[in-house]
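Colleague: Just passing along the structure, written as structure tokens.
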Amino acid sequence: MALVCVMAGVCCRAQIIISKVMVGDSLTNLSTQLYEKNVPDSDMFVHIGILRRGHACIDWTLRGAVTIPDSLTFNTNSKTYPIAVVSFHAFYRCVGLTEVTLPPTVKMVGSEAFYGCAALEKVHLSDGLLMLEERTFAGCSSLREVTLPCSVPPRGPINAFDASTYEKCTLMVPQGCSAAYRNAELWSHFVRIEEMEDEGVMPDDLDYDKWEKAMNFMDSFLEDEMWRMPQRVETDVAWTINIMTSEGSREVVFSSRSEFDMAVVGSGLANECCIDTTFAGRLALPDSVTAPDGRRYVVGGVAMGAFSGCWRLQQVDMPPHLEFIDNLAFYDCKALRQVVIPANMKEIMSSAFVGCNGLNRVVTLAQRPPDLFVDAFDDRIFNTATLVLPEGATEAYMATDAWPLFKYRMENVDF
């Protein structure tokens, strides 16, 4: 698999390697990536994960502890490289992980690398660690101990951990280093900082500038890879439109954000459904809608929680220009039997169809596989529903992390 991106005139091609790692008592694949040409003035580095939203580098269903190796050998050139980065979403929502140990070679842990690892209790960070990024350990509600053997506190934003983690979790630092950590902006928020018997280790490379370049490099790649779609549609304005359904006219909420030049179904606000949750029947969403200011928008997304709790909703016909389905969009729509994903779909996010117990058929018209979060559907759907793919697209879908989770039966249709 080859991925191409450009930054500051430097071309780079990424190689993917799949190795093996133990998680608890299970041996699983570990996805890593190496750039053949890297950031200016920086060494080549291997990072855990493949820089895709919602794509964990291991089997996300496995339970137990994992220890990351310190280096990997690439088959393409037989060279061995140290693992230097745990990248964006590397262990995203690996809800069974209980303990993680990073090797001393790791310099940086990317944004949301361990996001939503709800069972994670202990983290042993690298003694070469220099940086954490945004929300690295957000959603790790069980985290009780973080061990950090660096004598120099790594840098990072305050939101690298949840506020509750700072209150409940113990930070273990080297002997004689607690004062340094209490004076560091990130680490000072831990209520409990205890010293270990071992003395601290000075990182062998304190070139923060180099790793900031590496971070910016990966962020630039991510912007391209994620199609620049909003994670949350913070609306400029919301309004209701009467739409004819199988049960007569119904009010449906739409909203817009001019920055993305689109309208979305729903407001994107928590616990605010776009339609009466008791609605039973079929709803055909329009291709475009007119905002109160008279501007016409293409309907490009389904907002967070747009149909959440519509337990009697039987069918939704999605417009052809729809590009994303946000978190919890169809959560608990128990009466849905079939979902047809439009050809332009690019991203289906976390828990979008969780709780849709009646769903037995998922049809996708997209020749290029949409970026599917591994928890967009629940296990029952992955295990029993039929996945229908466009003719000739099977290989592309099976090369992703999440689409192969559909285990029951697959069909190919020439749409």
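The values are calculated or read from the model by the stated rules, or taken from the named source; none is laboratory data. Keep in mind it's a predicted model, so treat the numbers as computed, not measured. With ideal geometry, Cβ positions are generated from the backbone for all residues, glycine too; neighbour counts draw on all protein chains shown. Areas reflect the complete protein model, heavy atoms only, side chains present, ligands, DNA and RNA absent. Shrake-Rupley method; radii C 1.70, N 1.55, O 1.52, S 1.80 Å.
Colleague: Would you mind finding the one in 132, 125, 186 that is closer than 20 Å to residue 206 by Cα and more than 23 Å from the chain's Cα centre (by Cα)?
Modeller: Checking each option against the conditions leaves just 186.
Colleague: β-branched (Val, Ile, Thr), surrounded by fewer than 23 Cβ atoms within 10 Å (Cβ to Cβ) and not in a strand (DSSP E or B): does that describe residue 98?
Modeller: Against the criterion (β-branched (Val, Ile, Thr), surrounded by fewer than 23 Cβ atoms within 10 Å (Cβ to Cβ) and not in a strand (DSSP E or B)), residue 98 does not qualify.
Colleague: Name the single residue that is most open to solvent (accessible area, probe 1.4 Å) among those in the stretch 172-208 being part of a helix (DSSP H, G or I) and without any contact (Cβ under 8 Å) to a residue 60 or more places away in the chain.
Modeller: 182
Colleague: A further question follows. Among the residues of the stretch 147-171, count how many are aliphatic (A, V, I, L, M), over 15 Å from residue 203 (Cα atoms) and buried (at least 21 other Cβ atoms within 10 Å of the Cβ).
Modeller: The qualifying residues number 2.
Colleague: Does residue 85 satisfy the condition of being touching a residue at least 12 places away in the same chain (Cβ under 8 Å), among the hydrophobic types (A, V, I, L, M, F, W, C) and open to solvent by 30 Å² or more (accessible area, probe 1.4 Å)?
Modeller: It is false that residue 85 is touching a residue at least 12 places away in the same chain (Cβ under 8 Å), among the hydrophobic types (A, V, I, L, M, F, W, C) and open to solvent by 30 Å² or more (accessible area, probe 1.4 Å).
Colleague: What do you reckon, is residue 317 modelled with pLDDT of 90 or more and surrounded by fewer than 20 Cβ atoms within 10 Å (Cβ to Cβ)?
Modeller: Yes: the conditions hold for residue 317.
Colleague: Between a first residue in the stretch 339-359 that is over 15 Å from residue 375 (Cβ atoms) and a second residue that is among the acidic types (Asp, Glu), which pairs have beta carbons less than 6 Å apart while being 6 or more apart in sequence or on different chains?
Modeller: 344/323; 346/323
Colleague: Let me confirm something: among 288, 256, which residue is over 24 Å from residue 340 (Cβ atoms), modelled with pLDDT of 75 or more and either open to solvent by 80 Å² or more (accessible area, probe 1.4 Å) or of a type outside the set (Val, Ile, Thr) (or both)?
Modeller: 256
Colleague: Okay, next question. Within the stretch 341-367, count every residue that is among the basic types (Lys, Arg) and either within 20 Å of residue 299 (Cα to Cα) or touching a Cys at 6+ places or on another chain (Cβ under 8 Å) (or both).
Modeller: 1
Colleague: Identify the residue in the stretch 285-329 that is touching a Gly at 6+ places or on another chain (Cβ under 8 Å) and among the β-branched types (Val, Ile, Thr) and, among all such residues, is nearest to residue 250 (Cα to Cα).
Modeller: 302
Colleague: Right, another one. With in a loop (DSSP other than H, G, I, E, B), open to solvent by less than 10 Å² (accessible area, probe 1.4 Å) and modelled with pLDDT under 95 as the only criterion, which of 139, 128 stands out?
Modeller: Just a single option satisfies the conditions, and that option is 128.
Colleague: Confirm whether residue 212 is open to solvent by 50 Å² or more (accessible area, probe 1.4 Å) and modelled with pLDDT of 65 or more.
Modeller: So residue 212 fits the description; yes.
Condition check ((1) among the charged types (D, E, K, R); (2) open to solvent by less than 40 Å² (accessible area, probe 1.4 Å); (3) closer than 23 Å to residue 304 by Cα; (4) in contact with a His (Cβ under 8 Å, 6 or more places away or on another chain)) across all residues:
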{"residue": "338", "(1), (2), (3), (4)": "no, no, yes, no"}
{"residue": "342", "(1), (2), (3), (4)": "no, yes, yes, yes"}
{"residue": "362", "(1), (2), (3), (4)": "no, yes, yes, no"}
{"residue": "368", "(1), (2), (3), (4)": "yes, no, no, no"}
{"residue": "374", "(1), (2), (3), (4)": "no, yes, yes, yes"}
{"residue": "378", "(1), (2), (3), (4)": "yes, yes, yes, no"}
{"residue": "387", "(1), (2), (3), (4)": "no, yes, no, no"}
{"residue": "392", "(1), (2), (3), (4)": "no, no, no, no"}
